């Protein structure tokens, strides 16, 4: 019989708030974290805004002499992980070696250390070879990010990075879920991190024409999922981390349980490297697979946290997918997109959506989709526009869609 997996700790570094309590207040109030970029010169790029975590002190989490050898994603992940571990009631310094071996680390990240590598190449090609990090190769490799986190806390279990584009952290949580279900490891530190705010990355997304260019004058209004006047997404960064553990293990130590990860589904359309297939069948099937594993019907769902990127294609097809997955009940389910508040943190977005869903379940209040003033006629579901709504939530869907035709969904259940 498969083990149950529950979330017992949460840590947040988000563009609109740092820390669980502040994040909870921000998302329920519909606070935007989109700002004018300060990280680099934007004078010759069309998009000058992003979901930037501007008050984050990297040197609080990594030593100054080490910072030049690491991606920004590492201190972001360590900060969120530190809070998640403390929130769970686990103290790594009091654990035996055998107990440390029972805790694994899984990070979901789309870009990983891409901005770190961009900087190293810039230094090299501008004649600053002596400034290039001697750890360019290991620190520029995706897989070492989870090891940086594991080394910080001394966790000796598996240390893996899942990178599947925008579904990375959703898939990472599911990967950790399987470790617990199969009794491989009783405790997992898992979540998502991405730090894609760099000049070259912004230029690359600009070439694709999928970021908004109309709202440089009003950054907080720029991310507009499901709105008729949207013109693209807002790039962002951040980290959302969790302690996921075996239910019996958590109960034995008297841990508080935020929610159970009750089901997971993932599919691939095998269609296109960036476009979605119009029919919406495969993202719908991912949701249905997650509900099947959770043992629930569409009528058991009280909330759906959507991918909701604020691109015309994604929003329209995701809406279609929810109708296929939930049938007529789709019109009765309140849904919202956290990206309206924080922008799109790439591979970390699934973990961010889980955080918003936990807030909704804990407080009985759904975070709103802000900036939704004139709905797209093709997006006709209940996206909880502008103001949050009180709803009692037993089961919630967290949906993600990624480049490369990937689709992944989780079902969260209230622990009883």
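Throughout, read-outs are computed from the coordinates displayed, never taken from laboratory work. Quick caveat: nothing in here was measured; it's all calculated off a predicted structure. As a convention, Cβ positions derive from the backbone with ideal geometry for all residues, glycine included, and neighbour counts pool all protein chains shown.
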Would you check which residues across the stretch 21-53 are outside any loop (DSSP other than H, G, I, E, B), buried (at least 22 other Cβ atoms within 10 Å of the Cβ) and touching a strand residue (DSSP E or B) at 6+ places or on another chain (Cβ under 7 Å) and list them? 23, 26, 49, 50, 51
Checking the condition buried (at least 21 other Cβ atoms within 10 Å of the Cβ), in contact (Cβ under 8 Å) with a residue 24 or more places away in the chain and not in a strand (DSSP E or B), which residue from 397, 401, 393 passes? 393
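Counting only residues that are under 18 Å from residue 193 (Cα atoms) and more than 21 Å from the chain's Cα centre (by Cα), how many does the stretch 43-56 have? Break it down into steps so the answer makes sense when it comes.
Start the filter on the stretch 43-56 by keeping residues that are under 18 Å from residue 193 (Cα atoms), which leaves 50-56.
The next check asks that each one be more than 21 Å from the chain's Cα centre (by Cα); those that pass are none.
Residues that pass the stated criteria total 0.
Please work out which residue is nearest to residue 94 (Cα to Cα), limiting yourself to the stretch 149-165 and to residues that are in a helix (DSSP H, G or I) and touching a helix residue (DSSP H, G or I) at 6+ places or on another chain (Cβ under 8 Å). Before the answer, list the steps.
Taking the stretch 149-165 first, the residues in a helix (DSSP H, G or I) are 149-153.
Next, only the ones that are touching a helix residue (DSSP H, G or I) at 6+ places or on another chain (Cβ under 8 Å) stay: 149, 152-153.
Values: 149: 18, 152: 14, 153: 11 Å.
By that ranking, first place goes to 153.
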May I ask you to list the residues in the stretch 374-396 that are more than 18 Å from residue 28 (Cα to Cα) and touching a helix residue (DSSP H, G or I) at 6+ places or on another chain (Cβ under 9 Å)? 376, 378, 379, 380, 381, 394, 395
From the list 232, 165, pick out the single residue that is in contact (Cβ under 8 Å) with a residue 40 or more places away in the chain, surrounded by fewer than 24 Cβ atoms within 10 Å (Cβ to Cβ), at positive phi and within 22 Å of the chain's Cα centre (by Cα). 165
Show me the helices (runs of 4 or more DSSP H) entirely contained within the stretch 288-370 in which 2 or more residues are surrounded by fewer than 24 Cβ atoms within 10 Å (Cβ to Cβ) and in contact (Cβ under 8 Å) with a residue 24 or more places away in the chain. 312-326, 349-363
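Yes or no: the stretch 235-246 includes at least one residue that is buried (at least 24 other Cβ atoms within 10 Å of the Cβ), in a helix (DSSP H, G or I) and touching a helix residue (DSSP H, G or I) at 6+ places or on another chain (Cβ under 9 Å). So that I can check it myself, show each step before the final result.
Filtering the stretch 235-246 for residues buried (at least 24 other Cβ atoms within 10 Å of the Cβ) gives 235-245.
Subset that is in a helix (DSSP H, G or I): none.
Among the residues of the stretch 235-246, not one is buried (at least 24 other Cβ atoms within 10 Å of the Cβ), in a helix (DSSP H, G or I) and touching a helix residue (DSSP H, G or I) at 6+ places or on another chain (Cβ under 9 Å), which makes the answer no.
Here's a check for you: in the stretch 57-77, which residue that is touching a residue at least 40 places away in the same chain (Cβ under 8 Å) and surrounded by 20 or more Cβ atoms within 10 Å (Cβ to Cβ) is farthest from the chain's Cα centre (by Cα)? Outline the logic, then answer.
Within the stretch 57-77, the first condition is being touching a residue at least 40 places away in the same chain (Cβ under 8 Å), and the residues that meet it are 68-74, 76-77.
Those still in the list that are surrounded by 20 or more Cβ atoms within 10 Å (Cβ to Cβ) too: 70-74, 76-77.
Working: 70: 21, 71: 18, 72: 16, 73: 13, 74: 15, 76: 13, 77: 12 Å.
Checking each candidate, the answer is 70.
For the stretch 187-212, name all the residues that are crowded, with 20+ Cβ neighbours inside 10 Å and in a loop (DSSP other than H, G, I, E, B). Talk me through it step by step, then tell me what you get.
Step one: of the stretch 187-212, the residues crowded, with 20+ Cβ neighbours inside 10 Å are 187-198, 202, 211-212.
Answer for the stretch 187-212, where residues must be crowded, with 20+ Cβ neighbours inside 10 Å and in a loop (DSSP other than H, G, I, E, B): 195, 196, 197, 198, 212.
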